[in-house]
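J.: Handing you a structure now.
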Amino acid sequence: MERGLRQGDQLSPFLFVLVVDVLHRMVGEAVRIGRISPLVVGRDCVELSHIQFADDTIMFYPPEDETMKNYKRLLRWFELMSWLNINFEKSSLILINCEEQRVQRMYRLWGCKEDTLPVKYLGVPLGDNPRLVKTWKPIIDKVEDKLSL
């Protein structure tokens, strides 16, 4: 009991999902009270603030300094409350249509590596044209190889 959970423990994934749900709720509340501005996308003006999958969180926000700082504060509060450490050195920041001065300011604030689209996330290309066959060909080939077994 005094050593805590270790990686590989059968309870670890379940407890991690429970704890990270708190981060989801924190972001949702920050958006609701106006501390974080969501990114508005598409013709239907869908508000997008974050997506979580397993131990990954992808955050979306317009290029606003205050939202950027509030996200960083929120993540720091989450670290302090949960005792989980966010490794910003392993994290990537992908900026789209931002001025160079803002880009450098964000990289300094976040302390994470710089990346550009397209990137691969869980083997799926993000940022490539989804209408092109060449975008999906490697994935289709892998699925076909697995099914042929």
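The values are calculated or read from the model by the stated rules, or taken from the named source; none is laboratory data. This is a predicted model, so every value here is computed, not measured. Methodologically, a virtual Cβ is constructed for each residue, glycine included, from the backbone with ideal geometry; neighbour enumeration extends over all protein chains shown. Ligands, DNA and RNA are stripped out before the accessible areas are found, and what is left, the full protein with its side chains, is counted by its heavy atoms. Shrake-Rupley method; radii C 1.70, N 1.55, O 1.52, S 1.80 Å.
J.: Just to be sure before I move on: is Lys146 out of contact with any Ser or Thr (no Cβ under 6 Å at 6 or more places or on another chain), exposed (fewer than 12 other Cβ atoms within 10 Å of the Cβ) and within 30 Å of Ser12 (Cα to Cα) in the structure I sent?
T.: Against the criterion (out of contact with any Ser or Thr (no Cβ under 6 Å at 6 or more places or on another chain), exposed (fewer than 12 other Cβ atoms within 10 Å of the Cβ) and within 30 Å of Ser12 (Cα to Cα)), Lys146 qualifies.
J.: Under 6 Å between Cβ atoms, at least 6 apart or on separate chains: pull out the pairs that start in region 51-70 with a residue that is without any contact (Cβ under 8 Å) to a residue 40 or more places away in the chain and end on any residue that is outside any strand (DSSP E or B) and open to solvent by 70 Å² or more (accessible area, probe 1.4 Å).
T.: Correct list of pairs: Gln52/His24.
J.: Within region 100-127, which residues are surrounded by fewer than 11 Cβ atoms within 10 Å (Cβ to Cβ), at pLDDT below 80 and more than 15 Å from the chain's Cα centre (by Cα)?
T.: Result: Glu100, Gly123.
J.: Here is a further query. Considering Leu75, Leu93, Leu48, which residue is open to solvent by less than 40 Å² (accessible area, probe 1.4 Å), within 18 Å of Asp21 (Cα to Cα) and out of contact with any Gly (no Cβ under 8 Å at 6 or more places or on another chain)?
T.: Leu75
J.: Considering region 29-39 alone, what residues qualify as being free of Cβ contacts under 8 Å to residues at least 12 places away in the same chain and either surrounded by fewer than 11 Cβ atoms within 10 Å (Cβ to Cβ) or within 18 Å of Asn97 (Cβ to Cβ) (or both)? Break it down stepwise before answering.
T.: Step one: filter region 29-39 for residues free of Cβ contacts under 8 Å to residues at least 12 places away in the same chain, giving 29, 32-34.
Matches in region 29-39: Arg32, Ile33, Gly34.
J.: So, one more: Given the conditions (1) open to solvent by 90 Å² or more (accessible area, probe 1.4 Å); (2) on the phi < 0 side of the Ramachandran plot, and given that Met68 satisfies all but one, which numbered condition is not satisfied?
T.: It fails just one condition, (1).
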